[in-house]
1. How far is C:D193 from itself in the other copies, in nm, if each label sits 7 Å out from Cα along the Cα-Cβ line, shortest first?
2. So which trypsin sites (Lys or Arg not before Pro) in the range B:3-105 pass both tests, a DSSP loop state and at most 11 other Cβ atoms within 10 Å of the Cβ?
3. Can you list, shortest first in nanometers, how far D:E13 lies from the same residue in the other copies, with each label 7 Å from Cα toward Cβ?
4. Could you work out the mean count of beta carbons from other protein chains within 10 Å of each residue's beta carbon in B:193-205?
5. At B:R138, with labels set 7 Å past Cα in the Cβ direction, how many nm apart are the copies from this one, shortest first?
6. Output the relative contact order of the range D:7-51, whole-number percent, from Cα pairs under 8 angstrom with separation of 6+ residues.
7. Return the sequence-ordered ³J(HN,Hα) values of the range A:54-65 in whole Hz as given by the Karplus equation 6.51 cos²θ - 1.76 cosθ + 1.60 applied to θ = phi - 60°, using x for Gly and Pro.
8. Just the number please: accessible area per residue for chain D, 1.4 Å probe, all protein chains included, in Å².
Number of protein chains: 4
Amino acid sequence: MAPKRVDRAARREDVLDAAVRVFARRGFAATRIEDVAAEAGIAKGSVYLYFDSRDALLRAAFARVAARSERLTAAAARPGRPAVQRLADLVRGAVAMLAAEPDLARIMVDLWSTGRARPGTPPGGTAAPALDLAEVYRAYRSVIADLLAEAGRDGDLRPGLGQAEAAVVVAAIEGALVQWLVDPEVPFADLADPITTTCLNGLRPRP
Amino acid sequence: MAPKRVDRAARREDVLDAAVRVFARRGFAATRIEDVAAEAGIAKGSVYLYFDSRDALLRAAFARVAARSERLTAAAARPGRPAVQRLADLVRGAVAMLAAEPDLARIMVDLWSTGRARPGTPPGGTAAPALDLAEVYRAYRSVIADLLAEAGRDGDLRPGLGQAEAAVVVAAIEGALVQWLVDPEVPFADLADPITTTCLNGLRPRP
Amino acid sequence: MAPKRVDRAARREDVLDAAVRVFARRGFAATRIEDVAAEAGIAKGSVYLYFDSRDALLRAAFARVAARSERLTAAAARPGRPAVQRLADLVRGAVAMLAAEPDLARIMVDLWSTGRARPGTPPGGTAAPALDLAEVYRAYRSVIADLLAEAGRDGDLRPGLGQAEAAVVVAAIEGALVQWLVDPEVPFADLADPITTTCLNGLRPRP
Amino acid sequence: MAPKRVDRAARREDVLDAAVRVFARRGFAATRIEDVAAEAGIAKGSVYLYFDSRDALLRAAFARVAARSERLTAAAARPGRPAVQRLADLVRGAVAMLAAEPDLARIMVDLWSTGRARPGTPPGGTAAPALDLAEVYRAYRSVIADLLAEAGRDGDLRPGLGQAEAAVVVAAIEGALVQWLVDPEVPFADLADPITTTCLNGLRPRP
DNA sequence: GATGAATGAGGCTTCATTCAT
DNA sequence: AATGAATGAAGCCTCATTCAT
């Protein structure tokens, strides 16, 4: 029974892989279950062996985005080097990761709008477990805010930096991502440096 | 034969107003023609008196977003004051405008994903005049890059700044917007200052 | 008030003229009230000043077809010349009239199918005054059958000819019409002679 | 992956059978997809498993009419007996077939009007392979014209008969059909003899 | 009388989901 | 488990008809 489980889980991942690809290509709204099935090389009905509904597929894709984000911040939280450097690494790492996985990046943008108010959500309230994108970004900012504060105490950045500045750093990354997705000629990966230096210089102590 | 005292164009704007509100509330994908009609206080079929199709409504909404963006950059291009200041004004103006018209802002986010590969586009190819969001952002960056260069020549910012840094500035604005839309507790309007100072300080000449 | 009446009737005819042209061009099914209005050079709503409904327009068009048919047979019933000749004249006259008024002819073909079971007709039965096309053809055949019988008594055709042979004569005309309408290269007007001679020869007494 | 024991093609035929019945009963224009589905005993949406659109259903019905017509003329073209007799057989066969399949016959009449200028045809131009009814009748007349010419050489009919007389023969059949469809009391099947004898006698050599 | 804006019922088509095989 | 045929709810759009001006 154990191998069965593994198989099942592996198959599920395969389907999700396919879904992510199609979601990235056509967007959620335009993606039909059949598209996902075709991309996964299985029959339409078989998708339902692994996911309860179209919505569940969407939520699973969201979970991937969230997990990736978490992995990223987790790495940055590890101490051992100066906070400014860990911050710089975090920014560079985030850009690199988004650039390396454009499909997930595209889905994230879709989530920005879809996550807001899903059609399925009944006016009453208790819908499916919400795609808590807000929480993801809150955590993201928290980690950065902590690093900013620490770097402030280290004297590498201005003291007193907090949530607002963390939001600016996150903004620079996500905003650059948007421009790349909207216009593939924008060299997103190459923006890692300008983003890092601009933000960090901008937050240095005034001479 | 009398031109009918109902002003066609005004009525069309009313419907578009309604559409923008609903698009912002539910997203494009989830918005049905009937929702727009209800919001406008007219019958479903009446929407078609003013717009050829659901897609035309979407395109008109895009045009509003694009027009607003243009108004913004046009103001910044007017000379008369130092480039750094005009740049700072542009950033603050952009944030203020987005904060003041959250509906259009939300639609813009929808456009980021929808604009990519619209489902409506017939396989044949030449559909309606594409929602050229890329062009909007290209123009946006251009204006900012010009200001950066000018400020460089003024000695207010580093010399040699260009497209990349312009992208970072745009990114900071749009990225902050995203965080606000995803999480209304993010004080977007208040981020105008942190964004402006961080970016401009970060681009100052090194002492 | 009298001139008003005349005006009104004349306008009504104008609208019907327009309707006949459009019906002939696009067929009933594909003709919208607006098409008729445009062809008549009036507004959509004005059509309803002269006709109660789309269906009434159709019925009026039918009436024209029927009236024309009646005029035709009426002429043939007038005595004074040998029956065979009146018969030949009737056939030639029918062809000439149909060829001269292709619009009405096209409408007649539409009536063959539409007249059968109009959508509006409730399953129960009592719909609008039916388009009694059957009656039109019955009268048509009657007149011809009478002429055949008379020509039989005259010794110009075989005796004992009746409804069946009348149907064949009518058939030759209407069937030729169909071929012309389906394929404009068929020289309908020129078929008057072949139809007349074939039928009349075919009904001559055997030598 | 098993080919599913339901034969797709057979099922498609079933649906087409149902469509033909409904088309015959209500006419094309008045037939909704739901009517066809109900007649076939399936759900509305299921019709689309077998036909791409309402129009495709119409075209398939046309194909049946055309195929039947072809079968008929093919039989007549086979030599072996005198041409006059084959001609007589063709006429009788045509009437018998039309009388035996009144549904297809009714559809044919619908095609006479629908085939002309189908509403479905996009303004662009090249829609689906047009319902080339003209071609069907052209072929029909050709076969008959050949038989007439051969019978002329045999001395059974007048020499020099051609397209015009062929049109008259076709006309007699189709025209009789019309009268029957318009008025079910017309004994169409019994008209086979009057048509045959009238036409063939009418085309005999003059004594 | 004329108009044409407004209405809303109705038809076509799509597609998430189910289920018999 | 896997399939894909079948379903039917929903959404887009059209157009006959009404009605205020």
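The values are calculated or read from the model by the stated rules, or taken from the named source; none is laboratory data. As the structure is a prediction and not an experimental result, all values here were calculated from the model. Neighbour counts run over all protein chains shown; Cβ positions are idealised from the backbone, glycine included. When the accessible area is computed, the model is the full protein with side chains, heavy atoms only, and any ligands, DNA or RNA have been set aside. Shrake-Rupley method; radii C 1.70, N 1.55, O 1.52, S 1.80 Å.
1. The projected label point of C:D193 is separated from its counterparts by 3.4, 9.4, 10.3 nm.
2. Filter output for the range B:3-105: B:K4, B:R5.
3. Here the equivalent label points are 5.0, 5.7, 6.5 nm apart from this one.
4. 6
5. 4.1, 5.1, 7.6
6. Contact order relative to length: 42 percent.
7. 3J(HN,Hα) across the range A:54-65, in whole Hz: 4, 5, 4, 5, 4, 5, 5, 5, 4, 4, 5, 4.
8. Ligands and nucleic acids excluded, the figure is 46 Å² per residue.
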